[in-house]
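Taking it in order: structure first as structure tokens, then the write-up.
The values are calculated or read from the model by the stated rules, or taken from the named source; none is laboratory data. Just so you know, these numbers come straight off a predicted model, no measurement behind them. All Cβ positions, even for glycine, are placed from backbone atoms using ideal geometry, and neighbour counts span all protein chains on display. Accessible surface is based on the protein model in full, side chains and every heavy atom, while ligands, DNA and RNA are left aside. Shrake-Rupley method; radii C 1.70, N 1.55, O 1.52, S 1.80 Å.
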Amino acid sequence: MRPLEGLVVLEFCQFLAGPSAGLKLADLGARVIKIERPVKGEACRQLSIKDLFVDDSSLLFHTINRNKESFAADLKNPDDLVLVKKLIAKADIMTHNFRPGVMEKIGLDFKTTLNINPKMIYGTITGYGDKGPWANKPGQDLLLQSLSGLSWLSGRKSQGPVPFGLAVADLMCGNHFVQGILAALLKRAKTGKGVLVEVSLLESVLDVQFEAITSYLNDGGQQPQRSDVKGSAHAFLSAPYGVYQTKDGYISLAMGDLLFIGSILEIDFQKYTDKHKWFSQRDEIRELLAEKLNTQTADYWIDVLQKEGIWCGKVLNYEELDSQPFVNELQLKQTVKNSAGEKLVTTRSPIQLDGEILTSTKAAPKVGEDNVIIHEQFLN
């Protein structure tokens, strides 16, 4: 039995942050019912990555919404709203990421919802909070990466701001949302009362940067100092930290004693005995390392360095990653199937409980696919 089995979650969320939280709750055993507009469904169904679609919904939608059910309802239709309120009366958790004021207008804000279900865990995600001049601005991942300073941490100095190739603001906000909901469940168990859980993309993406922002706030306002050498990996860490090209690929070097590494690689680092220089002169140090490491293959250097306990590794692409033995040993992939019998391969939950790997076999639902069974179980 999974820890959240028996809990019913009503998900009014769109796109990535909120639905990614619902995915995690579903993996932990909750029954997650997406409340979607009829016919077209949630907007993410048409937001594609590389124009990939499965049964008329984007592959992106499928990656975020597996293991859920779909209940189609028009929140502007009084009859449908009655049905939704009946569902709320029997649910444990509801989540939404509508703009501030939308749920109040519909009559499904936190205070009103408590009149329907006094024990409801009510979770909201906003872009920038629900008050102030930014409250109604669009909360989109790239905009948050840009606004929050995050885009000045990656890449090389000469590149200017470099955004991540993942929706990190959305995904971290989803993680924080789950943490808040789990904490609210514990609070409700103690008090017997409903709990309001609020997170914003802005606060989440700032929390992700706590080490960088703390450095800025306590170091005289010094901005991140990115290196301008190929393979630079961290604005706040000294050499040798980074990625280096070899004869046939790339290797990464993590934190380590530079002088010891130099002795292994037969590089004279005596002019850098002062550890402060490992940061202030890291560009020239990394260039010396790069010149040496480019003389042999990645496997050669991995063998040499790992024998001496140096933290290093090969830089793999997805094809190389997929061929690694641990992918099968750890059962890192799973196959899910939709109601039409179509199959998709995806990643699984990273959590194990009492030795059990949390896998699922159910793909994302079609719009309104579960209306009949939900009517039978909740609305009759």
(request) Using the structure shown, decide if SER204 is open to solvent by less than 50 Å² (accessible area, probe 1.4 Å), at pLDDT below 95 and either more than 18 Å from LEU144 (Cα to Cα) or in a helix (DSSP H, G or I) (or both). (result) no
(message) Pairs please, first residue from segment 87-110 and among the β-branched types (Val, Ile, Thr), second anywhere and open to solvent by 40 Å² or more (accessible area, probe 1.4 Å) and at pLDDT 95 or above, Cβ atoms under 7 Å, 6+ apart in sequence or on different chains.
(response) ILE88/ILE116
(message) Just the residues that are farther than 25 Å from GLY149 by Cα and aromatic (Phe, Trp, Tyr), please, taken from segment 229-276.
(response) TYR244, TYR250, PHE260, PHE269, TYR272
(message) I'm trying to understand the selection: among the residues of segment 244-282, which are open to solvent by 50 Å² or more (accessible area, probe 1.4 Å) and closer than 14 Å to ALA233 by Cα?
(response) GLN245, TYR250, MET255, PHE279
(message) Filter segment 115-144 down to the residues that are in a helix (DSSP H, G or I) and either open to solvent by 90 Å² or more (accessible area, probe 1.4 Å) or outside the structural domain of ILE181 (by the TED database) (or both) and list them by number.
(response) ASN115
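When you go through LEU166, LEU185, LEU196 one by one, which is the residue that is of a type in the set (A, V, I, L, M, F, W, C) and either within 14 Å of the chain's Cα centre (by Cα) or modelled with pLDDT under 95 (or both)? Walk me through it before giving the result.
Working: LEU185 fails: either within 14 Å of the chain's Cα centre (by Cα) or modelled with pLDDT under 95 (or both); LEU196 fails: either within 14 Å of the chain's Cα centre (by Cα) or modelled with pLDDT under 95 (or both).
Being of a type in the set (A, V, I, L, M, F, W, C) and either within 14 Å of the chain's Cα centre (by Cα) or modelled with pLDDT under 95 (or both) holds for just one of LEU166, LEU185, LEU196, which is LEU166.
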(request) Select from segment 311-342 the residues that are exposed (fewer than 12 other Cβ atoms within 10 Å of the Cβ) and among the acidic types (Asp, Glu) and write down the one among them that is nearest to THR361 (Cα to Cα). (result) GLU329
(request) Being at negative phi, surrounded by 15 or more Cβ atoms within 10 Å (Cβ to Cβ) and in contact with a strand residue (DSSP E or B) (Cβ under 9 Å, 6 or more places away or on another chain) narrows it down to one of GLY155, GLY180, so name that one. (result) GLY180
(message) Can you pull out every residue in segment 1-36 that is under 21 Å from LYS85 (Cβ atoms) and without any contact (Cβ under 8 Å) to a residue 60 or more places away in the chain?
(response) ARG31, VAL32, ILE35
